[in-house]
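Report on one structure; see the data block that follows.
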Amino acid sequence: MLQRIYGMALNTFREAIRDRILIALIVIAIVVMGTAKLVQPVAMGEAEKIIKDLGLSAITLFCVLIAILIGGRIVYREVEKRTIYLILARPVRRGEFILGKYIGLIVVLILSLMVMTVGFYAVLLITRVPITFNLLWAVVMTAFELILLTAVAVLFSTFVTPVGSAVFTFMIYFIGHSTHLLKHLAVMTPLPLIKFISLFLYFILPNLNNFNIRGDVVYGVPLNPQAMVFSALYSLLYTFTLLLIAVIVFDRKDF
Amino acid sequence: MELTEITHKEIRRPEWVISLLPMVVVVWGFVGIYLLQLTIDSFSRRASERVVQELAYFPSGLALRESSIEYDELFADFIWLTAIDYYGRHLETDRRYEWLGHIFEILTTLDPRFIGAYRFGAMTLAWDAKKPMEALTLLSFGMKANPLSWQLPFDAGFINYMLLGDYKSAAELFQIAAKLPDAWRIVTRWVPYLYAKSGDFETAKQMWSDLYYSTQNRRLRELILRQLRWLKFEEGVRKIKEAIDRFADKERRLPVSIEELVQRGYLETVPEEPYGGRYYLKGGEVHTTTPPSKRGG
């Protein structure tokens with residue numbers, strides 16, 4: 001089983017790495033980080049903060065785009081090109097197929113993340129910002145955000161078109177960063193039903209703010225390792241659940 | 001034979017032209033775009049001014065924070081650059097800073113830990129926009145969000161001391177600042193001055209120059225230099241006035257010129273006018289050759 005998953009993952013990896021979108025997004029991300037150099041003379045002593053904010057935000061944003069754009073069509077494309085018949089005709093279980101696809105994509109994402117991070121540190125060197133390695137923690141947490149978000153994308157990919165999947169995943173991304181509003185609503189409302197619904201949604205929707213510690217690392221605030229470990233676990237568990245749903249949906253699908 | 005050759009040439013030339021035509025059109029297209037943009041820009045020279053004013057229409061930074069997904073700090077950075085641009089433009093033109101407070105409110109709501117923004121916002125609000133109370137409100141928000149930052153109570157104390165003459169609050173704020181981590185030693189140095197409750201030039205000068213070294217912000221440093229120059233100007237005026245008073249007491253008349261004050265020994269030297277002009281006397285009053293528009297501060 002592991003070998004078959006490995007085979008699928010490797011195949012997905014090879015395919016994704018050849019994708020022009022991937023390379024374009026990585027290049028754009030690094031160019032965007034580089035524009036921080038232009039900001040330096042007009043930032044009035046705040047250039048260091050801006051360069052770090054911009055770099056870390058660009059890493060997150062462009063990796064999220066990669067996850068959404070490539071993740072969203074990963075299963076659909078096989079169906080569309082009818083290569084899925086070839087794969088499923090072999091002794092590959094559908095669950096293995098999904099898992100292989102997902103792992104291949106995650107490897108691509110982690111690799112992109114690493115390339116962008118190297119680019120980011122290169123920008124720090126060029127702009128002569130003192131280099132600190134606690135910034136890497138923000139990147140690590142972004143990786144966990146991507147692990148979750150890619151699972152969302154793969155799940156959507158099993159039953160909607162690539163465009164639909166990209167739109168839905170982006171919505172989840174947006175909502176995932178606003179769930180604290182639901183919590184506020186639950187506190188503010190006097191109606192028990194609304195309170196219940198908003199709390200229900202608050203807990204069931206992915207809370208992606210868990211993974212955003214960029215502000216903390218840029219300001220050099222002491223990090224909370226416990227919170228980070230729990231957020232990582234949150235990501236892994238959520239991902240597991242989503243992939244399970246994806247397998248179920250995909251299993252019931254007729255081609 | 002000849003005929004076919006001629007037609008061949010004639011046919012080939014248009015082909016060559018036709019294949020080049022699109023590229024020429026593209027180049028001219030870009031030239032046209034450039035010219036159009038130039039024209040449009042001349043219509044709306046204050047375009048970026050409007051962007052800032054549109055920012056002012058946001059009910060608060062909260063709305064912006066909720067729509068920035070997870071990029072609050074990045075949005076704040078963008079507003080920081082906009083704020084500096086807004087400040088710089090008004091500094092060079094009309095010196096009216098109507099939206100400054102609002103911009104800084106949005107900015108610090110998006111990124112409540114942006115110490116540099118509170119400091120710059122407060123100083124420009126207090127001295128350039130002449131709204132010290134708004135500056136203190138901004139700083140007090142900052143202090144709530146960043147209870148460990150010594151710069152914010154330090155600046156609040158400074159504004160209380162210099163602009164409001166509230167020496168008691170100033171002393172309290174400086175003592176708070178002095179107890180916080182990494183606080184500069186100058187903060188403790190200031191406390192005794194406050195109990196003296198005097199607004200003398202030397203103290204003020206010392207405080208401004210201490211403040212100068214506490215920031216890397218070029219605009220803020222310019223503001224401080226303007227204040228220092230203004231202090232020097234006022235100091236010169238006061239010196240001359242005191243000399244006039246002594247002169248009038250003894251000589252029972254007003255001096256004709258500053259030089260007369262020096263010649264008679266009421267003034268050591270003619271004080272240097274910091275704006276590049278010179279002081280002169282008119283009807284017993286001290287004036288300067290520098291027009292008010294060039295004095296500022």
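Each reported figure results from applying straightforward, stated rules to the coordinates on display, with no laboratory input. The structure presented is a predicted model; accordingly, all values stated were derived computationally and were not measured. We place every Cβ from the backbone using ideal geometry, glycine too, and count neighbours over all the protein chains shown.
What to note about this one:
- With the simple model of a label 7 Å out from the Cα in the direction of the Cβ, A:R18 to B:D94 spans 6.2 nm.
- Remark: spin-label model distance B:E260-B:K130 equals 3.4 nm, labels positioned 7 Å along the Cα→Cβ axis.
- If you take all other residues with their beta carbon under 15 Å from the beta carbon of B:T290, and give Lys and Arg +1 and Asp and Glu -1, the sum is +4.
- GNM top mover of A:L54, A:L22, A:L38 - chain A, alpha-carbon springs below 10 Å: A:L38
- Lysines with Cα under 25 Å of B:K179, excluding same-chain neighbours fewer than 8 positions away: B:K144, B:K168, B:K197, B:K205
- Restricting segment A:1-46 to trypsin sites (Lys or Arg not before Pro) in coil, as DSSP defines it, with at most 16 other Cβ within 10 Å: A:R18
- Highest-fluctuation residue, A:M116, A:M171, A:M188 considered, GNM on chain A with Cα pairs under 10 Å: A:M188
- Ranking A:V129, A:L88, A:S57 by Cα position along the charge dipole of segment A:42-186, where only Lys, Arg, Asp and Glu carry charges on their C-beta atoms, puts A:L88 farthest toward the positive end.
- Cα pair distances in segment A:101-157, grouped into 10 Å bins until the bin that holds the longest one, percent each: 21, 44, 23, 11, 1
- Placing dummy labels 7 Å off each Cα toward the beta-carbon, the span from A:F230 to B:A63 is 3.5 nm.
- Gyration tensor (alpha-carbon) shape descriptor, chain A, a/c threshold 1.5: oblate
- Cα gyration tensor shape for the protein assembly as shown, rounded if a/c is under 1.5, else prolate or oblate: oblate
- Exposure proxy for B:W230, B:W99: other Cβ atoms within 10 Å of each Cβ, ordered fewest to most, give B:W230, B:W99.
- Cα centroid separation - segment A:61-125 against segment B:241-297, whole Å: 80 Å
- Ranked for footprinting exposure by Cβ neighbours inside 10 Å, fewest first, B:E105, B:E235 give B:E235, B:E105.
- Inter-part distance where segment A:219-248 and segment B:118-190 are each reduced to a Cα centre, Å: 41 Å
- When the C-alpha to C-alpha distance is required to be over 30 Å, the pairs from A:K37/B:K130; A:K52/B:K131; A:K49/B:K131; A:K49/B:K294; B:K241/B:K294; A:K37/A:K101 that qualify are A:K37/B:K130; A:K52/B:K131; A:K49/B:K294; A:K37/A:K101.
- Going from the residue with the fewest nearby Cβ atoms within 10 Å to the one with the most, A:T12, B:T215 rank B:T215, A:T12.
- Karplus-based coupling profile of segment B:154-170, in residue order and whole Hz: 4, 5, 4, x, 4, 5, 4, 6, 6, 9, 9, x, 8, 6, 5, 4, 4, with θ = phi - 60° in 6.51 cos²θ - 1.76 cosθ + 1.60 and x standing for Gly or Pro.
- Chain A: most fluctuating residue of A:I28, A:I51, A:I213 per GNM, C-alpha cutoff 10 Å: A:I28
- Cα gyration tensor, segment A:166-249 - rounded (a/c under 1.5), prolate or oblate: oblate
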